[in-house]
Amino acid sequence: MAKLAPSILSADFYHLKSEVETAIQCGADWMHIDVMDFHFVPQLSFGAKIVADIKKHNSVFCDVHLMVTNPADHIDSFVKAGADLINFHVEVPYHCDRILQEIREKNTKTGITINPATPVEQLKHILPLVDLVLVMSVNPGFSGQKCLDYALDKIRQLKTIREKNQYNFVIEVDGGISPKNVDQVLSLGADVIVSGSAFFNADINSKKDFANTIHHYKG
Ligand code: DX5
Ligand code: ZN
């Protein structure tokens with residue numbers, strides 16, 4: 001069963017509690033937490049406190065997507081806040097392997113993210129080490145952008161590599177995913193669908209339908 005991970009970046013922060021609870025009632029499996037530093041991406045979002053506050057009241061799986069220049073500086077605070085999985089971009093740190101080890105040593109799941117223009121080959125030595133690969137289908141920094149279709153082929157490539165090598169990572173896709181293109185993304189092999197604007201801007205019934213489509217995808 002594929003999973004839905006709504007990105008709270010598109011939630012109404014004034015009503016964060018009800019936004020999170022409604023998302024879960026409508027079928028959200030994870031909450032996707034977009035952390036932006038105004039350096040790696042041209043926007044500021046929020047830090048570890050948002051995870052700590054959610055986790056104080058709710059056990060939902062928190063999938064932290066670090067869009068920051070120095071991911072190593074943020075591992076400790078997000079682990080302490082209760083993050084279940086931390087993923088960071090392969091394009092930024094000098095020492096991806098070391099950061100992945102640190103996350104794993106802190107008993108937290110690991111993820112690596114690739115931008116639309118980054119080839120899968122760049123992940124070659126990292127794939128055996130991660131629990132999740134996040135394929136960006138927009139350039140990171142904003143919700144509400146259009147999906148870049150050329151990036152989606154990487155889902156298929158990653159699925160093939162996973163089968164060939166018997167790796168265990170799940171494939172997550174993030175950016176411009178809506179009920180209009182979710183079937184295509186699932187058919188390529190995505191295991192986790194992130195959705196920001198399409199999910200949070202929809203009414204309750206459409207949210208439930210979106211989650212159902214993802215949970216019951218038959219191929
Ligand atoms: C982009 C973020 C995405 C974004 C998704 O920088 O990583 O998670 O919030 O939003 P939509 O689904 O609106 O593209
Ligand atoms: Zn994201």
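The figures follow:
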item: Student exercise, the range 1-65 dipole from Lys, Arg, Asp, Glu Cβ charges, in Debye to nearest 20; result: 180
item: Value at 222 nm in deg cm²/dmol, rounded to 500, when DSSP H runs of n ≥ 4 in the chain each add -39,500 (n - 2.57); result: -9500 deg cm²/dmol
item: Sparse-neighbour loop sites [trypsin sites (Lys or Arg not before Pro); the range 99-188; at most 16 other C-beta within 10 Å; DSSP]; result: LYS106, LYS124, LYS146, LYS180
item: Long-range Cα-Cα pairs in the chain (distance over 21 Å), rounded percent; result: 50
item: Among THR69, THR113, THR160, residue whose mean-square fluctuation peaks in a GNM of the chain (springs only between Cα atoms under 10 Å); result: THR160
item: Cβ-placed point charges (K, R +1; D, E -1), dipole of the range 3-215 about Cα centre in debye, nearest 20; result: 240
item: GNM top mover of ILE204, ILE75, ILE155 - the chain, alpha-carbon springs below 10 Å; result: ILE204
item: Filtered chymotrypsin sites (Phe, Trp or Tyr not before Pro), the range 9-97: DSSP coil and at most 13 other beta carbons within 10 Å; result: PHE38, TYR94
item: Hypothetical label at THR160: residues of the range 107-128 whose amide nitrogen lies under 20 Å (7 Å Cα-Cβ projection); result: 114-128
item: Relative contact order of the range 3-215, defined on C-alpha pairs under 8 angstrom at six or more residues apart (%); result: 21
item: Accessible surface of the range 3-215 [probe 1.4 Å, protein heavy atoms]: carbon and sulfur percent; result: 49
item: Relative contact order (%) - criterion: Cα under 8 Å, at least six apart; region: the range 45-107; result: 37
item: Heavy-atom surface of the range 3-215, accessible at 1.4 Å and reported per residue (Å²); result: 46
item: Choice from ASP73, ASP29, ASP63 showing the highest fluctuation, given a GNM over the chain with Cα pairs closer than 10 Å; result: ASP73
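The values are calculated or read from the model by the stated rules, or taken from the named source; none is laboratory data. The structure presented is a predicted model; accordingly, all values stated were derived computationally and were not measured. With ideal geometry, Cβ positions are generated from the backbone for all residues, glycine too; neighbour counts draw on all protein chains shown. SASA here: full protein model, heavy atoms, side chains in, ligands and nucleic acids out. Shrake-Rupley method; radii C 1.70, N 1.55, O 1.52, S 1.80 Å.
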